[in-house]
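The structure appears right after this line, and notes come after that.
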Amino acid sequence: MDFEYTPEQDAFRKELRGWLAANLPRDLCVDDPADDRVAPDRATFERRCAWQKTMHKAGWVGIAWPKEYGGRGASIIERVIWDEEYSASRAPVLPGMGLNLVGPTIIHWGTDAQKLQYLPRILNADEIWAQGFSEPGAGSDLASLSTRAEDKGDHYLVNGQKVWTSGAQYADSIILLVRTDPSAPKHNGISCLLVDMKSPGVVVRPLVLATGHHHFNEVFFTDVLVPKTQLLGPINQGWKVSTTTLMYERHSSGARNPIGQVRDLIAVARRLPVDGGTAWDDPKIRQRLSQLLIDCEAMKYTRYRALTRQIRGEPPGPEGSILKLSGSELGVRIADAAGELLGMHAIINVSTELVPDAPRWFNRLVAARQYTISAGTSEIQRNILGERVLGLPKG
């Protein structure tokens, strides 16, 4: 990869940075988007939808989407620049799964009617999406899902349950994996449906995290009628459709570089009093936090390796699984370091004069391990790398 930006790319960064500085409301900014990816209440959700509409009107939403579907057809490097600048501004995660997961999947698999119906509404935050994949008995082994969709002629009748459904309390629609052929091998009898969350028989129940946040939900489907026009991709080929969605999800999850968290933790260490000095005076603490910075840099260059393959037009390599694995495990190490450094300040979940962002570190400490499970567990990523990179036999 060429690490020098072209004048056009530098201009793109300057334009976006200037626009965010001029238009992003300060009270919408968040300390850590990873821990605040779902709005905590309806009022905040509505404000984030309004923010997306503002961004869309200015041409800053869905920039990687093809131009014919309302995007800017941005290059890979421009997408990286967008991610870096948006993250640096501490702007909130845009609502729902539509922009990064569902929209690209519909672009790839959807009918012309589906694209016309959904894509403009996704871009303008008029249609908020959830992802209905995991079930109580089908998480890492997603192909074991049991939610059924029975063929009733002109529609499907859906019965079953999904779990860990982020943002379902705000969603208008859900991209849903269902079993349409119970007699087929488990990967071959799955289909993908686009389901209206307001359909009779859909019930959402909250799952409150240990942090007190309501990110996740259970979603129940009881005799839910879904028109056959809402089938996404071929019948019984939903596994291929889901692979497209998971590819975008893992790229999105692995793309987050937590270097900002480490720098903020170093800033805390520089002012935290310990034995007449500060925590930063302790060489063990300096070494530990410096190593975390090094790990963040290593993760950045691993991402560049994946981007290089895309720029060359090569098929995806193992970097996606490496990024997902290293990113989620690094998040746990950062949380552990924060807990040991801050002690009581990390567990009281109350701002103090010494550590005004204590609730942020409480969230990191309590919530970090969930990212080793979502979008494919660390064990699954290790299996992928063992089989596809090291050539180890399947377990």
Q: Sum up the charges of everything whose Cβ sits under 14 Å from the Cβ of residue 204, counting Lys and Arg as +1 and Asp and Glu as -1, but leave residue 204 out.
A: +1
Q) How much FRET efficiency would the formula 1/(1 + (r/R0)^6) give for residue 43 and residue 79, where r is the Cβ-Cβ distance and R0 is 25 Å, rounded to 0.05? A) 0.25
Q | Given 57/240; 14/53; 53/324; 240/324; 240/394, the pairs whose alpha carbons are separated by over 25 Å | A | 57/240; 53/324
Q. Kirkwood Rh over Cα pairs of region 67-132 into Stokes-Einstein at 25 °C, 0.890 mPa s: D in µm²/s?
A. 190 µm²/s
Q. Amide H neighbours of residue 156 under 5 Å, counting only residues 5+ apart in sequence or on other chains, H built in-plane at 1.01 Å?
A. 226, 228
(Q) Net charge within 12 Å of residue 19 by Cβ-Cβ distance, Lys/Arg positive one each and Asp/Glu negative one each, not counting residue 19 itself? (A) +2
Q. So how compact is the chain: Cα radius of gyration and Dmax in angstrom?
A. 21.8, 77
Q. Taking the Cβ of residue 146 as the center, what net charge do the other residues with Cβ under 12 Å away carry, scoring Lys and Arg +1 and Asp and Glu -1?
A. +2
Q) Not counting the cut sites, what is the longest span of the chain without trypsin sites (Lys or Arg not before Pro) that DSSP labels loop and that have at most 13 other Cβ atoms within 10 Å? A) 1-151
Q) On a 0 to 90 degree scale, rounded to 10, what angle separates helix 112-123 from the longest Cα axis of the chain? A) 30 degrees
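For region 129-236, what is the convex hull volume of the alpha-carbon atoms per residue, in Å³? All intermediate terms of the calculation are to be shown ahead of the outcome.
Working: hull volume 9.8 nm³, N = 108.
Spelled out: Cα convex hull of region 129-236, divided by residues, is 91 Å³.
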Q: May I ask you to compute the full-extension gain from residue 310 to residue 373, defined as 0.36 nm times their residue separation minus their alpha-carbon distance, rounded to one decimal in nm?
A: 20.1 nm
**Q.** Cross-link partners of residue 228 among aspartates and glutamates (Cα-Cα below 12 Å; sequence separation of 8 or more within a chain)
**A.** 150, 151, 154
Q) Which value at 222 nm does the chain reach when only helices count, each DSSP H run of 4 or more adding -39,500 (n - 2.57), with the total divided by all residues and rounded to the nearest 500 deg cm²/dmol? A) -14000 deg cm²/dmol
(Q) Give me the three principal axis extents of region 58-181 from the C-alpha atoms, as integers in angstrom, largest value leading. (A) 44, 31, 24
Q: Give the Rg (one decimal place) followed by the Dmax (whole number) of region 7-95, computed from C-alpha coordinates and expressed in Å.
A: 13.2, 42
(Q) Using Cβ contacts closer than 10 Å as the measure, can you line up 377, 243 from fewest to most? (A) 243, 377
Q.
Let me understand region 257-388 better: what is its radius of gyration from the alpha carbons, and its Dmax, in angstrom?
A. 17.1, 57
Q: Could you please state, rounded to a whole Å, how far the C-alpha centre of region 107-156 is from the C-alpha centre of region 284-346?
A: 31 Å
Q. Residue farthest toward the positive end of the dipole of the chain, with Cβ of Lys/Arg at +1 and Asp/Glu at -1: which of 272, 69, 158?
A. 69
**Q.** Inter-label distance, nm, simple model (7 Å from Cα along the C-beta direction), residue 210/residue 5
**A.** 3.9 nm
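Read-outs throughout are calculated quantities, based only on the coordinates presented, and are distinct from any laboratory measurement. Here the structure is a predicted model, which is why all the values come from computation and not from measurement. As a convention, Cβ positions derive from the backbone with ideal geometry for all residues, glycine included, and neighbour counts pool all protein chains shown.
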